[in-house]
Amino acid sequence: MESFTIAVIGSAGAGKSTFIQKVLGLSRPPIASSASVRLVVDNVTHGVSLFELDLENFDQTASSQTIQWPKQINGHIVPRPDAALVLYDVTNTESVRPLPQAMTAITNAGLPSILVACKCEIDEDDWVVDADGVAGHKIFKPCIGTYKVSYDKPDVSRACLQAILKAAIAYRKGTPAPPSHQCHPNKTAEHNETAPRRRAQSAVNLEAPDTSAGRPISQQSKHSRASSELSVLRSFGTPHTESYRARASKNSGQAYRTEKPGADYFLDVEESDSEGQTYSDEIPILQRSEESFVEKQPKMTGVPMAELVDRLLALRLSRADNNFSDIFLCLYRKFTTPTELFAAILARLDRVRDDKTAHYLSKTATQLRIIEVIAKWVSLYPGDFAKISTRKSLFEFIQHLSAEPIFSVASQQMRRSLRRRTLEDDDTGWATSDHSGSEYDQERLSREMKELSASIGMFQVDEDHDGGLEATLLPDFAGQPGGQVQFHSYDEYEREAVSLEPADLHPMNKTRYHIFMDLSDDEIADELTRIDWILFSSIRIRDFVRYVSLSSSQKEKATSLKNVNRMINHFNHIAKWVANLILLRDKAKHRAQMLEKFMNVAIKLRQLNNYNGLAAVLAGINGIAIHRLAQTRQLVSAEVQKRFARAVILMSTQKSHSAYRLAWENSPLPRIPFVPLHLRDLVNAEEGSKTFVGPNGERVNWRKFEVLGDVLLPLMKSQGTAYPNLVKNMLTRELILGCRMPTDDEEIYQRSIELESSNSIGVFDPAKKKFPWFAK
């Protein structure tokens, strides 16, 4: 199937995304800047890729006075198009101004194009752009047709795409492009005369520029042309000093000139001759290299720290803005210190306060928004303020807020967040941290801190009232789970997680086997999920990053990483516990009953969206010691094996766990991730890119942190919603965590060999070795 690339060109807000939405029949505009569809032309199916291209991405070089097709946009390579759709908004004159620039680039590239007027569903009396006048202008003479599309008529948009695809097919074959009969048949006929000539000459330009364009125009001819074409725009006002016309007049001596400021702006478009082009018309397009297709230099990579702080404090208008705030506060320690970030935020807060031109309500709203960011920061990562110098600056800020009635509530909230939570933790000295200073400075700051704390009543808050308010405010900023779960902080989850470590309390024997078989599948799956949820919720988000970025010696000093290790150890424990329970009995029918039960438990775990528990059970069942038990598997119900196979496919490693990734993205809350895979993704993101880029390494490679955020944000979201109806089951918990069993893989495998050897026919041999714990 042959594929074609169509560029959808227009200024911001012209309707590019809406056009693609209607062409593809989507319920909402596409998120990405490109989309694909299959179309049938002359009984042949073709693949069509549509990608959006803003007009500001076109480059006009002052040296060669040529307008060039962009090579890169935001660091991404722009695909070479086969045709172009030029869009403008009939309700916005600004969307028409840059069109000549785009048409010059399209003409220079020799691409077929169609002019599309968007938002035509609006009453024609409200249009500010004369669509017919624009379509008839000589600038758009190379277009093979024009269309008027509207939101309520997707068929017109599809017909437009069909027309440009036919033109792209003809362009690739070197035959004349088929005419489009939407609005201007006269212009189409005129194009049919020029198309064969263009193909025969293999020219770059759709229409050769007039070599006399640089000759001064007489007042009479200028007036005549302006009079005939002045109706292109309605209500077109006087352009600004630095309009497109003014820039063209300054940059090119070849441009038309006019002394009337309100004249048709199309008259002043630069029409450069062939001397400014990289290639002449005699060189066919196919003989030109890709490198010379465009000359635009790639943009500066990385983002300055100041821009990141501005975006952090900017008004949040979308989900992406909220995500940016979460990721920035989590990862900023990789490239700056808490003191530097806090100073930058305070500087912007002072700038807002000193602004005399802003309205009082607008200024207050901005101040509250910035203070909210600080309060969220303090609530999520109090360890960032554990250093005395940083904490002193924060306390001074809180004291200042307390003096302002409108900010007093925010100051109380931060005060309670800091209460008993500013002791040094792993966040304090992690990555880029504040300097401790000399002992003398520390003592002096400590004395000042005690005086400051006493002055703002830091430790005179009522215990009961404080605890209740903190528990209420915590979900707002820290995103902690609520509902029926009795834990409200990482510390509470961590204290409970300590009690969930395995212990050799009871022997794994026939009695334990029968007790386990009497439990329902739901009881086992619920308790496994409850344990996994507590272990997962005890891990701070930064601990995931620390786990993959710290060295082995540094990991030993990071006490909070034991929460990550605890969950990984629990995963391995469950896998070996499943294998040992299946191998417990000597008879194949008993092993089959246990194997079938664990298959049903795995299915229940999938229904609970507990992917970590599901993967652990699958690791036990599909391990070499259990997978080789052919006789045992033959006794398992075929229906259960069929349902279990779906879970195996879901967690398979094919295509980098693509099935799991798709399920994870679409699973509703609550859910528990497959932690080992996400840790591997973090390793790839951490080691695959540098933190700082630029000539002097002064710019932050924010793209790296966006990749890290793609992994961490779903984990943050998952920790925000707890399982509502999970109740502790002590009997099931003891069976899971309190069994005495072999943990050596070789010992487990030898037990499997004893039960079903390679030449076994299923007859029980009493001489086989028993489990070693039977003798204990």
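The values are calculated or read from the model by the stated rules, or taken from the named source; none is laboratory data. What you are looking at is a predicted structure, and each value in this text was computed from that prediction instead of being measured. All Cβ positions, even for glycine, are placed from backbone atoms using ideal geometry, and neighbour counts span all protein chains on display. Note: accessible area is taken over every heavy atom of the protein model, side chains too, but ligands, DNA and RNA are not part of it. Shrake-Rupley method; radii C 1.70, N 1.55, O 1.52, S 1.80 Å.
So which residues in region 594-648 are part of a helix (DSSP H, G or I), buried (at least 22 other Cβ atoms within 10 Å of the Cβ) and polar (S, T, N, Q), if there are any at all?
Asn612, Thr632, listed by residue number.
Count, please, the residues in region 681-694 that happen to be acidic (Asp, Glu) and surrounded by fewer than 12 Cβ atoms within 10 Å (Cβ to Cβ).
Here is the first cut: in region 681-694, the residues acidic (Asp, Glu) are 681, 686-687.
Next, from what is left, pick out any that are surrounded by fewer than 12 Cβ atoms within 10 Å (Cβ to Cβ): 687.
Total meeting the criteria: 1.
Hey, Asp126 hits all of (1) open to solvent by 10 Å² or more (accessible area, probe 1.4 Å); (2) under 15 Å from Gly10 (Cβ atoms) but one; which does it fall short on?
(2)
For the list (1) hydroxyl-bearing (Ser, Thr, Tyr); (2) within 24 Å of Tyr332 (Cβ to Cβ); (3) at pLDDT 85 or above, I need the number of the one condition that Thr422 fails.
(3)
Please go through region 367-383 and give me each residue that is in a helix (DSSP H, G or I) and open to solvent by less than 30 Å² (accessible area, probe 1.4 Å), ordered by number.
Of all residues in region 367-383, those in a helix (DSSP H, G or I) come to 367-380, 382-383.
Matches in region 367-383: Gln367, Ile370, Ile371, Val373, Ile374, Ala375, Lys376, Trp377, Val378, Ser379, Pro382, Gly383.
If you check Ile370, Ile327, which single one turns out to be among the β-branched types (Val, Ile, Thr) and out of contact with any Asp or Glu (no Cβ under 9 Å at 6 or more places or on another chain)?
Working: Ile327 fails: out of contact with any Asp or Glu (no Cβ under 9 Å at 6 or more places or on another chain).
Just a single option satisfies the conditions, and that option is Ile370.
Would you check if Val134 is in a strand (DSSP E or B) and among the aliphatic types (A, V, I, L, M)? It would help to see each step written out before you state the result.
Numbers: in a strand (DSSP E or B): no; among the aliphatic types (A, V, I, L, M): yes.
So Val134 fails the test.
Filtering region 140-160 down to residues that are surrounded by fewer than 22 Cβ atoms within 10 Å (Cβ to Cβ) and touching a Phe, Trp or Tyr at 6+ places or on another chain (Cβ under 8 Å), which residue is nearest to Ser36 (Cα to Cα)?
Ala159
Cβ contacts < 6 Å: first residue in a helix (DSSP H, G or I), restricted to region 9-25; second residue among the small types (Gly, Ala, Ser) and at pLDDT 85 or above, any location; separation 6+ or different chain. Result?
Lys16/Gly10; Phe19/Ser157; Lys22/Ser157; Val23/Ser157
Gly697: open to solvent by 30 Å² or more (accessible area, probe 1.4 Å) and either at positive phi or of a type in the set (Lys, Arg) (or both), yes or no? Give the derivation first.
Details: open to solvent by 30 Å² or more (accessible area, probe 1.4 Å): yes; either at positive phi or of a type in the set (Lys, Arg) (or both): yes.
Yes: the conditions hold for Gly697.
Considering only region 718-760, how many residues are open to solvent by 30 Å² or more (accessible area, probe 1.4 Å), touching a residue at least 60 places away in the same chain (Cβ under 8 Å), part of a helix (DSSP H, G or I) and not hydrophobic (A, V, I, L, M, F, W, C)?
Result for region 718-760: 4.
Name the residue, out of Arg311, Arg348, Arg288, Arg316, that is at pLDDT below 90, in contact with a helix residue (DSSP H, G or I) (Cβ under 7 Å, 6 or more places away or on another chain) and either basic (Lys, Arg) or closer than 30 Å to Thr107 by Cβ (or both). Give the steps one after another, and end with the answer.
Numbers: Arg311 fails: at pLDDT below 90; Arg348 fails: at pLDDT below 90; Arg288 fails: in contact with a helix residue (DSSP H, G or I) (Cβ under 7 Å, 6 or more places away or on another chain).
The conditions single out Arg316.
What number of residues within region 504-528 are farther than 23 Å from Leu614 by Cα and either surrounded by 13 or more Cβ atoms within 10 Å (Cβ to Cβ) or of a type in the set (Asp, Glu) (or both)?
Here the count works out to 4.
Does region 384-394 contain any residue that is part of a helix (DSSP H, G or I), open to solvent by 30 Å² or more (accessible area, probe 1.4 Å) and free of Cβ contacts under 8 Å to residues at least 12 places away in the same chain? Break it down stepwise before answering.
Within region 384-394, the subset part of a helix (DSSP H, G or I) is 384-385, 388-394.
Next, only the ones that are open to solvent by 30 Å² or more (accessible area, probe 1.4 Å) stay: 388-389, 391-393.
The next check asks that each one be free of Cβ contacts under 8 Å to residues at least 12 places away in the same chain; those that pass are none.
Checked against the condition, which is being part of a helix (DSSP H, G or I), open to solvent by 30 Å² or more (accessible area, probe 1.4 Å) and free of Cβ contacts under 8 Å to residues at least 12 places away in the same chain, region 384-394 yields no hits at all.
With the structure loaded, tell me whether Phe487 is open to solvent by less than 70 Å² (accessible area, probe 1.4 Å), farther than 30 Å from Leu583 by Cα and modelled with pLDDT of 50 or more or whether it fails that test. Talk me through it step by step, then tell me what you get.
On the way: open to solvent by less than 70 Å² (accessible area, probe 1.4 Å): yes; farther than 30 Å from Leu583 by Cα: yes; modelled with pLDDT of 50 or more: yes.
Spelling it out, Phe487 is indeed open to solvent by less than 70 Å² (accessible area, probe 1.4 Å), farther than 30 Å from Leu583 by Cα and modelled with pLDDT of 50 or more.
State yes or no: is Arg591 crowded, with 18+ Cβ neighbours inside 10 Å and charged (D, E, K, R)?
Yes, satisfied.
Consider Cys120 against the criteria (1) under 18 Å from Phe4 (Cβ atoms); (2) not in a helix (DSSP H, G or I): it satisfies all of them except one. Which criterion is unmet?
That leaves (1) as the condition not met.
Pairs, please: C-beta under 6 Å, at least 6 apart or cross-chain, first residue among the acidic types (Asp, Glu) and in region 689-715, second crowded, with 16+ Cβ neighbours inside 10 Å?
Every condition considered, no pair remains.
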